[in-house]
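The values are calculated or read from the model by the stated rules, or taken from the named source; none is laboratory data. Just so we're clear, the structure is a prediction, and the values are computed from it rather than from any experiment. Ideal geometry is used to build each Cβ from the backbone, glycine not excepted, and the neighbour counts take in all protein chains shown.
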């Protein structure tokens, strides 16, 4: 299963980013295919970046998203695509957020 975590930079040691649509990077972790960090092309967009970022995440095959905050339009797009969204926060690494998810300590975003 492919998991996407919002980050401030590339890789697992990057700092977690609480913003979704304007997160600088999306880090995808997949047990089969390893790790991929993708620069968010919508970071500096003028509007509507959440739904476009949501489509990008889904197009990359992620089934789970871990982020801090989502706008309503992005949340609706992700829900309609069957994405499971979890929330985290604080100053920690992408790796630490993944560990929290795997340990069942993250709350699903309602």
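Residue check: residue 24 meets all listed conditions (1) farther than 14 Å from residue 85 by Cα; (2) touching a residue at least 60 places away in the same chain (Cβ under 8 Å) but one, namely (2). Listed conditions (1) surrounded by fewer than 16 Cβ atoms within 10 Å (Cβ to Cβ); (2) modelled with pLDDT of 95 or more; (3) in contact with a helix residue (DSSP H, G or I) (Cβ under 7 Å, 6 or more places away or on another chain) are all met by residue 81, apart from (2). Answer yes or no: is there a residue in segment 70-80 that is outside any helix (DSSP H, G or I), under 22 Å from residue 11 (Cβ atoms) and touching a residue at least 12 places away in the same chain (Cβ under 8 Å). Within segment 70-80, not a single residue is outside any helix (DSSP H, G or I), under 22 Å from residue 11 (Cβ atoms) and touching a residue at least 12 places away in the same chain (Cβ under 8 Å). Going by the structure shown, is residue 47 assigned to a loop (DSSP other than H, G, I, E, B), modelled with pLDDT under 95 and over 17 Å from residue 84 (Cβ atoms)? In short, yes.
Exactly one residue among 95, 62 is at pLDDT 95 or above, assigned to a loop (DSSP other than H, G, I, E, B) and surrounded by 15 or more Cβ atoms within 10 Å (Cβ to Cβ), and that residue is 62.
Let's see how each residue does on (1) touching a strand residue (DSSP E or B) at 6+ places or on another chain (Cβ under 9 Å); (2) farther than 13 Å from residue 3 by Cβ:
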site	(1), (2)
55	no, yes
64	yes, no
72	no, yes
75	yes, yes
92	yes, yes
